[in-house]
1. Which pairs have Cβ atoms under 8 Å, sit 6 or more apart or on different chains, and link a residue in segment 50-62 that is without any contact (Cβ under 8 Å) to a residue 12 or more places away in the chain to one that is surrounded by 14 or more Cβ atoms within 10 Å (Cβ to Cβ) and not charged (D, E, K, R)?
2. Could you check segment 15-56 and list, in sequence order, the residues that are modelled with pLDDT of 60 or more, outside any helix (DSSP H, G or I) and not acidic (Asp, Glu)?
3. Restricting to segment 57-81, name every residue that is in a loop (DSSP other than H, G, I, E, B), at pLDDT 80 or above and of a type in the set (S, T, N, Q).
4. In segment 53-99, which residues are exposed (fewer than 14 other Cβ atoms within 10 Å of the Cβ) and of a type in the set (Ser, Thr, Tyr)?
Amino acid sequence: MATVATLLDGDERGVSPVISVILMVAITVILSAVIASFVLGLGQGADEIAPQISFDCESGVPVVQGGETNFDGVVIDANGNQYGTLSPGTPLAPGRVTWQSADGSQSATLFEGCVSS
């Protein structure tokens, strides 16, 4: 008759420590990836994108035709006038029309033209 000691030979005793080491390594790798994403700022949102606004020239003056009316930041016309919102039909100063993000870190040219002669 086989005794318990003969049934449990040395091969089966190492299974539990091996599994625990693998689990600890996996948890450490996942935890370090999460911490690294916060430290490196990978969890932050995308940069602001300039609003999509369409313009048309009427008598040498850029006029808003449509597009986004509410946006983050300001739209600045050639005279330096700043607009937080724009509605269709709004005339702007002739020349370059730019957008600037709310914190001032980004800008883009929305329209360039309609320079009166």
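The values are calculated or read from the model by the stated rules, or taken from the named source; none is laboratory data. Keep in mind the model is a prediction, meaning the values are calculated, not measured. Please note: Cβ atoms are built from the backbone with ideal geometry, for glycine as well, and neighbour counts cover all protein chains shown.
1. Here the result reads 56/62; 56/63, each pair linking segment 50-62 to a residue that is surrounded by 14 or more Cβ atoms within 10 Å (Cβ to Cβ) and not charged (D, E, K, R).
2. The answer is 40, 41, 42, 49, 50, 51, 52, 53, 54, 55.
3. Looking only at segment 57-81, we keep the residues that are in a loop (DSSP other than H, G, I, E, B), and these are 59-60, 68-69, 77-81.
Keeping just the survivors that are at pLDDT 80 or above gives 77-81.
79, 81, listed by residue number.
4. 54, 59, 69, 85, 87
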